[in-house]
2 protein chains.
Amino acid sequence: MDTCAKISDYMRESGYECRVMGVPKTIDNDVMGTDHTPGYASAAKYVATSRMELFEDASVYDTGSVCVVEVMGRHAGWLTMAAHAATASGKGPDLIYLPERDFDVEVFLKKVKEVFDTRGNCLVAVSEGIHDKDGKLIAEYSASAASDAFGHKQLGGLAAILAQMVKDRYPGTKVRPIELSLLQRCAAHFASPVDCEEAFLAGKTAVEKAIEGESDKMIAIIRDTDENGNYSPRFEPVDLWVAANTEKPVPQEWINEEGNGLNDKCLNYLLPLFGGQKQLVLENGMPRFAKLKKIKAE
Amino acid sequence: MDTCAKISDYMRESGYECRVMGVPKTIDNDVMGTDHTPGYASAAKYVATSRMELFEDASVYDTGSVCVVEVMGRHAGWLTMAAHAATASGKGPDLIYLPERDFDVEVFLKKVKEVFDTRGNCLVAVSEGIHDKDGKLIAEYSASAASDAFGHKQLGGLAAILAQMVKDRYPGTKVRPIELSLLQRCAAHFASPVDCEEAFLAGKTAVEKAIEGESDKMIAIIRDTDENGNYSPRFEPVDLWVAANTEKPVPQEWINEEGNGLNDKCLNYLLPLFGGQKQLVLENGMPRFAKLKKIKAE
């Protein structure tokens, strides 16, 4: 959205008439001014479902284990929060840590043992961006970190670092780190149909509003509830500056006191976005992806 | 199957009448005496589909990258081979390495550069069990390896090791290791309907044959082709000893000369097993898993 605003400024200064509309899209869901962003619901649904499946996987063994799963999200824990939908159904991580709260390694290690001793397994979900009270990323406790093109730190390896800490503290415990990595953002085979439709409508609305003469707006998704209590989205242009350069965090009141889980307030937000099962177009049993061809102007 | 044979021997020696039937199940697909094993088709379909999605993910960037994906399979490359279904559709890894061939790090590093220079990206799939010509696992080139309960080495970290080698040789290249880890064996949300039906029928046949008086058999899946050329499985008991203690490798003639890819002979084997889209029972947009309750005998 910041880039949209800059392009618009540049066009205006250059005297080139151009209407600029921002269409939000990020699995991180950290954009201000919109209830949620296209892309988020599909990734969140994948995270929640994978966590249920990892729960089932862990529960077939006699020997318990600790499994630390790293989820994307630099400064906001929206995607990691989605794991709570699995927890609420009885098949999710025992501990969920978001960057909205400070992370204390000692408290974490004690909690892992407490859960493991009680339940025989301990499943953990962590946002890649969790940090200590001094703001230092836990992912930087050992590994070196490179930077991407936007100057963001390239995170990764957090799950491995935490898993090693658990192994060192409790020798002999079976510990497995899992990084959902790119899989969580490209798992189109399990996309939310609600998300797919909203993504299309957000783009459509942007084009319609631009044709009507609007500019320097972002298309926000407004959450409405119909007379039967059902989720119903609306698409409205809001000023670009509302969204530019501020990240939206998970509300503090959705996070439990210990900072290692969510309460059910987040379910009302999450569940209507998951939708049912998307019917896929398959070819040889695998999804067929549309391809937009580049056509060179004559 | 080896355990089935031992149980049967023990029962006979103890004079306890018991009919023992083995029902194969492993995503590794490395069991002799059966065309394939329940579990394999679903995991293979997930591996192929994830590779297509990772291809799409990589293709949206101007900056190319090298992505090394580690797939399960200690001594047999069946699961990694499944990535070829994505490659054959034009959206898969450029290089696929199975443990059925020796792996040479130098040759690999040169090949990665060749592909990257030609195509602007280089996507790699490796079996966790790839080894050099002396039989040493590439995964052991740096990391230490623990052992699981069966004395198998606990592998892992191979993708990270190979990615580091590529980074060291070609500094400045964007390289990402991804381990499909447990996700590839528990992604029930994208199971093959063919696999689910076959798993049920294999178990049903085992019970029926035991009731008929058979023992010391494994239920094998025999691949038939009907008059229209369509895949049609049959379930037959075969002697347990056929399957016990020998692992079935991917046929050498399905692997290309360079040992870095498959030819299309493996597609005839793979594609009929993928089936269409499994219709899921959802609850809150997430899969509902059946639970068999333990009932204590009075």
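Do we have B:Gly276 as within 9 Å of chain A (Cβ to nearest Cβ) and free of Cβ contacts under 8 Å to residues at least 40 places away in the same chain here? For B:Gly276, the condition - within 9 Å of chain A (Cβ to nearest Cβ) and free of Cβ contacts under 8 Å to residues at least 40 places away in the same chain - is not met. Summed over the range A:86-106, the residues that are surrounded by fewer than 22 Cβ atoms within 10 Å (Cβ to Cβ), among the β-branched types (Val, Ile, Thr) and within 10 Å of A:Asn260 (Cα to Cα) give a count of 0. The single condition from (1) closer than 25 Å to B:Val47 by Cα; (2) of a type outside the set (A, V, I, L, M, F, W, C); (3) not in a helix (DSSP H, G or I) that B:Tyr269 fails is (3).
Take the conditions (1) of a type in the set (S, T, N, Q); (2) over 28 Å from B:Lys45 (Cβ atoms); (3) modelled with pLDDT of 95 or more; A:Ser144 misses just one of them, which is (3). Name the residue that is surrounded by the most Cβ atoms within 10 Å (Cβ to Cβ), counting only residues in the range B:67-77 that are within 12 Å of chain A (Cβ to nearest Cβ) and not aliphatic (A, V, I, L, M). Per the stated criteria, the residue is B:Glu70. So which of A:Gly22, A:Gly77, A:Gly39, A:Gly92 ends up being within 21 Å of A:Ala160 (Cβ to Cβ) and at pLDDT 95 or above? Testing whether each residue is within 21 Å of A:Ala160 (Cβ to Cβ) and at pLDDT 95 or above leaves just A:Gly77. For the residues A:Ser65, A:Ser89, A:Ser50, the requirement of being among the hydroxyl-bearing types (Ser, Thr, Tyr) and closer than 17 Å to A:Leu180 by Cα singles out A:Ser50. When restricted to residues that are more than 30 Å from A:Lys209 (Cβ to Cβ) and exposed (fewer than 12 other Cβ atoms within 10 Å of the Cβ), the range A:284-298 contains 1. Within the range A:279-291, the set of residues being more than 8 Å from chain B (Cβ to nearest Cβ) and closer than 21 Å to B:Met286 by Cα comprises just one member, A:Val281.
Just give me the residues in the range A:173-184 being assigned to a loop (DSSP other than H, G, I, E, B) and within 10 Å of chain B (Cβ to nearest Cβ), in sequence order. Answer for the range A:173-184, where residues must be assigned to a loop (DSSP other than H, G, I, E, B) and within 10 Å of chain B (Cβ to nearest Cβ): A:Leu180, A:Ser181, A:Leu182.
For the range A:52-66, taking the residues that are of a type outside the set (A, V, I, L, M, F, W, C), within 9 Å of another protein chain (Cβ to nearest Cβ) and touching a residue at least 12 places away in the same chain (Cβ under 8 Å), the one that is farthest from A:Ile130 (Cα to Cα) is identified as A:Thr63.
The helices (runs of 4 or more DSSP H) found wholly in the range B:1-104 and carrying at least 3 residues that are farther than 30 Å from A:Tyr46 by Cα occupy B:2-13.
Out of A:Ala187, A:Ala159, A:Ala202, I need the residue that is away from chain B (no Cβ under 14 Å) and of a type in the set (A, V, I, L, M, F, W, C). Which one? Just one listed residue meets the conditions, A:Ala202. Condition check for A:Trp254 on (1) more than 14 Å from chain B (Cβ to nearest Cβ); (2) touching a Lys or Arg at 6+ places or on another chain (Cβ under 6 Å); (3) exposed (fewer than 14 other Cβ atoms within 10 Å of the Cβ): one failure, at (3).
Let's see how each residue does on (1) out of contact with any helix residue (DSSP H, G or I) (no Cβ under 8 Å at 6 or more places or on another chain); (2) at pLDDT below 95; (3) of a type in the set (Ser, Thr, Tyr):
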{"residue": "B:Glu208", "(1), (2), (3)": "yes, no, no"}
{"residue": "B:Lys217", "(1), (2), (3)": "no, no, no"}
{"residue": "B:Asp226", "(1), (2), (3)": "yes, yes, no"}
{"residue": "B:Asp239", "(1), (2), (3)": "yes, yes, no"}
{"residue": "B:Ala244", "(1), (2), (3)": "no, yes, no"}
{"residue": "B:Phe274", "(1), (2), (3)": "no, no, no"}
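Of everything listed in (1) surrounded by fewer than 17 Cβ atoms within 10 Å (Cβ to Cβ); (2) β-branched (Val, Ile, Thr); (3) within 22 Å of B:Leu182 (Cα to Cα); (4) free of Cβ contacts under 8 Å to residues at least 60 places away in the same chain, the single unmet condition for A:Thr80 is (1). Scanning the range A:228-239 turns up no residue that is closer than 26 Å to A:Val71 by Cα and either more than 14 Å from chain B (Cβ to nearest Cβ) or crowded, with 19+ Cβ neighbours inside 10 Å (or both). Every condition in (1) of a type outside the set (Ser, Thr, Tyr); (2) at the interface with chain A (Cβ under 9 Å from one of its Cβ atoms); (3) closer than 23 Å to A:Asn284 by Cβ; (4) not in a helix (DSSP H, G or I) holds for B:Ile221 except the one numbered (2). Can you say whether A:Ala5 is surrounded by fewer than 24 Cβ atoms within 10 Å (Cβ to Cβ), touching an Asp or Glu at 6+ places or on another chain (Cβ under 9 Å) and at pLDDT 95 or above, as far as the supplied structure shows? Considered against the rule, which asks whether it is surrounded by fewer than 24 Cβ atoms within 10 Å (Cβ to Cβ), touching an Asp or Glu at 6+ places or on another chain (Cβ under 9 Å) and at pLDDT 95 or above, A:Ala5 comes out as no.
For the range B:23-42, the condition holds for no residue, the condition being that it is at the interface with chain A (Cβ under 10 Å from one of its Cβ atoms) and of a type outside the set (Gly, Ala, Ser). For the range B:224-245, a residue qualifies if it is among the hydrophobic types (A, V, I, L, M, F, W, C) and either outside any strand (DSSP E or B) or free of Cβ contacts under 8 Å to residues at least 24 places away in the same chain (or both), and the qualifying residues are B:Leu240, B:Trp241, B:Val242, B:Ala243, B:Ala244. Against the test of being assigned to a helix (DSSP H, G or I), more than 19 Å from the chain's Cα centre (by Cα) and charged (D, E, K, R), the options A:Glu198, A:Glu214, A:Glu208 yield a single qualifying residue, A:Glu208. Out of B:Leu182, B:Leu201, B:Leu162, one residue alone is without any contact (Cβ under 8 Å) to a residue 60 or more places away in the chain, closer than 30 Å to B:Asp104 by Cβ and surrounded by 15 or more Cβ atoms within 10 Å (Cβ to Cβ). It is B:Leu182.
The values are calculated or read from the model by the stated rules, or taken from the named source; none is laboratory data. The structure displayed is predicted, hence computed values, not measured ones. No Cβ is skipped: glycine too gets one built from the backbone with ideal geometry, and neighbour counts run over all protein chains shown.
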